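*Asks:* Below: one structure in structure tokens.
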Amino acid sequence: MFPNNKTSVPDNLIKISKNKGRVRACIVFSHDYSTLTSAKNAYDLGLIEPVFIGKKEIIFNQLEKLEWNIENFETIEKTTDEEAAISAAELASEEEIKLIIKGDLHTDILMKTYLKKEYKLIKNQRLSHIWHITINNRDKPIYITDGALNVLPRLEVKMHILKNAINFAHKIGNQKPSVAILSGTEDPISSMPSSIEAEKLMIMAKKEKLDAFVQGPLALDNAISIEAANIKKISGEVAGKADILLVPNLETGNSITKIMVYYLGACAAGVIIGGKVPIVVPSRADNSSSKLASIAAGIIAI
């Protein structure tokens with residue numbers, strides 16, 4: 001049932017991130033072999049200069065397996081995941097690093113530390129997660145937000161998510177992205193609150209004159225299929241041509257992404273944006289290609 005083809009890292013992510021030069025990135029609790037493998041790949045491609053945080057003995061053992069000489073890199077000894085998260089937040093606050101990569105610790109521990117006011121990593125923008133998804137390495141990407149951080153965002157939070165996504169698309173090179181605000185219908189109806197919010201968000205976006213085409217509510221088929229949009233007589237700059245899918249809740253975004261990954265063999269590069277320093281939070285189930293692509297996406301988000 002699942003595809004056997006190997007996931008490919010998108011060429012555009014590697015090319016754009018390389019243009020940034022080597023970025024100093026910390027790997028928080030650097031004990032996970034898979035994450036370190038992707039970090040080494042990123043280093044070999046000239047993308048990052050790593051800073052390792054965690055138990056040095058474990059880090060040395062893992063890097064020895066990878067035949068990666070650690071002598072030229074900074075390693076910070078921390079024995080607990082909480083201490084490692086604090087160290088990463090301090091480095092980001094002091095502008096010693098430009099990217100955080102989650103290692104062998106729970107995402108909530110890292111995020112709770114990142115959000116503490118004392119580190120001044122959050123300004124006026126809400127954090128959100130975005131996936132850059134491709135089926136083949138030269139595909140035009142589709143972006144899904146937010147399927148990993150904000151569970152059931154309020155309308156004002158969705159505006160932050162929308163702005164973060166548009167800004168990220170601009171950095172990729174899409175200067176006028178088409179954003180579909182998803183619901184289960186293309187008509188705003190009171191029995192489906194997400195459709196009402198989608199219409200309100202579209203109106204808000206137009207009032208603010210965001211540098212994007214924004215349309216909602218749209219069902220998934222009407223957002224990505226011109227044929228479906230034409231059959232239902234749905235017009236607009238976005239219908240059938242969406243670059244960004246802004247989902248109503250985390251479950252929707254997570255499910256669409258995982259379906260694309262496991263049924264279509266897509267490469268899903270995910271990163272948390274909106275703060276002073278982007279955060280790459282790979283899942284333990286992610287393959288090495290997706291983790292490398294996520295590091296590249298994180299570099300672009302800087």
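The values are calculated or read from the model by the stated rules, or taken from the named source; none is laboratory data. Note that the structure is a prediction, hence the values are computed from the model and not measured. Ideal geometry is used to build each Cβ from the backbone, glycine not excepted, and the neighbour counts take in all protein chains shown. Quick note on the areas: whole protein, heavy atoms, side chains included, nothing else; ligands and nucleic acids left out. Shrake-Rupley method; radii C 1.70, N 1.55, O 1.52, S 1.80 Å.
*Asks:* If I take every Cα pair under 8 Å that is 6 or more residues apart in the chain, average their sequence separation and divide by the length, what percent do I get for the relative contact order? Let's see the in-between values first.
*Replies:* Details: 645 pairs, mean separation 75.2, N = 302.
Computed over the chain, the figure is 25 percent.
*Asks:* Of all GluC sites (Glu not before Pro) in segment 1-85, which ones are in loop regions per DSSP and have a Cβ with at most 10 other Cβ atoms within 10 Å?
*Replies:* Taking segment 1-85 and a limit of 10 other Cβ atoms within 10 Å, the loop GluC sites (Glu not before Pro) found are Glu67, Glu71.
*Asks:* DSSP H helices in the chain with Cα extent of 15 Å or more along the helix axis and mean Kyte-Doolittle hydropathy at least 1.0?
*Replies:* Answer set is 288-300.
*Asks:* Over the chain, with every protein chain in place, what whole percent of the accessible area is carbon and sulfur at 1.4 Å, could you tell me?
*Replies:* Values: 6990 of 14160 Å².
Carbon and sulfur atoms account for 49 percent of the accessible area of the chain.
*Asks:* Just the number, please: percent antiparallel of the DSSP beta bridges in the chain, rounded to the nearest 5. Walk me through the numbers on the way to the answer.
*Replies:* Numbers: 11 of 37 bridges.
In the chain, DSSP labels about 30 percent of beta bridges as antiparallel.
*Asks:* Another question about this same structure. Give me the Å³ per residue figure for the convex hull around the C-alpha atoms of the chain.
*Replies:* 131
*Asks:* Could you give the dipole magnitude of the chain about its Cα centre, charging the beta-carbon of Lys and Arg +1 and that of Asp and Glu -1, in debye to the nearest 20?
*Replies:* On the way: 37 positive and 35 negative charges, 165 e Å.
With only Lys, Arg, Asp and Glu charged at Cβ, the dipole is about 800 debye.
*Asks:* Where does each of Phe60, Phe213, Phe29 land when they are ordered by accessible area, with a 1.4 Å probe and the largest first? Present the calculation step by step, with values, prior to reporting the outcome.
*Replies:* Numbers: Phe60 90, Phe213 70, Phe29 20 Å².
Ranked list, largest accessible area first: Phe60, Phe213, Phe29.
*Asks:* For segment 107-220, what is the relative contact order in percent, using Cα pairs closer than 8 Å and at least 6 residues apart in sequence?
*Replies:* On the way: 144 pairs, mean separation 23.6, N = 114.
About 21 percent, as a whole number.
*Asks:* Just grab the label-to-label distance for Ser288 and Lys206, each label 7 Å out from Cα along the Cβ direction, in nm (one decimal).
*Replies:* My value for the distance between the label points is 5.0 nm.
*Asks:* In square angstrom, what is the accessible area per residue of segment 121-224 with a 1.4 angstrom probe?
*Replies:* It amounts to 46 Å² per residue over segment 121-224.
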